[in-house]
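First comes the structure, then the notes that go with it.
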Amino acid sequence: MFKNATFIKSITDLKDDPGERPQVLMIGRSNVGKSSFINALTGRKSLARVSNTPGKTITLNFYLIDDTFYLVDAPGYGYARRSKSSQDEFIIMIERYLTRSKYMRLVCLLIDFKVGPTEDDLFTYQFLKNLKVPLVVIATKKDKIPKTHQLKRTNELKKYFPETTFLPYSSVTKENLETIEQTIRNQVMILG
């Protein structure tokens, strides 16, 4: 896991981007376990706030990792109780970030291993593919499926994301956490 992680700032406008270092975006639907995953990746229990209220994060939150790069936590998408205008603002903010950021090096798209990709997940995946951004798909909550069904489920899910690195993750066993960390490090260092 990464050694040092510090919350730097929250932004809603790219002009407030801290810049100067490579950035890795974490994106996924509300309640996919993004905050818990960020906390596991950084070895901090409450760096990213885990909320009982899905859709709570409405800003891009920047965390400085090992004084080397920023982990950027995006708002969860697909939360039905958000107003239409709030959902539109989210889409515009993310699109601007992805198309204008000079420092974005990798996008980690988180999906739910048990639930599978939602319509919003597949839309987001296609959107990211169309932008040709470096991308890895991380399937959280692998431990929610019985072990005897995990391989079959992994193979089912991979079909949705052809030609994309796909890594199932369990918060219980920490499966693939080191692989994900290394993937991030490689992308940040290569394009640093």
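What follows is calculated from the coordinates using simple rules that are stated; it is not laboratory data. Keep in mind that what you see is a predicted model, and the values were worked out from it rather than measured. Because the Cβ atoms are built from the backbone with ideal geometry, glycine has one as well, and the counts that use them run over all protein chains shown.
Quick look at the values:
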read-out	value
Peptides ranked, highest mean first, by Cβ atoms within 10 Å: ranges 110-119, 137-146, 157-166, 178-187	137-146, 110-119, 178-187, 157-166
Linear extension gain, Ser36 paired with Arg100, 0.36 nm per residue minus alpha-carbon span	20.3 nm
Given [x] 112; [y] 228; [z] 161, the label whose value is volume of the Cα convex hull per residue in Å³ derived from this model	[x]
Cα-Cα over 32 Å, subset of Lys9/Lys159; Lys3/Lys144; Lys34/Lys159; Lys9/Lys141; Lys9/Lys147; Lys15/Lys158	Lys9/Lys159; Lys9/Lys147; Lys15/Lys158
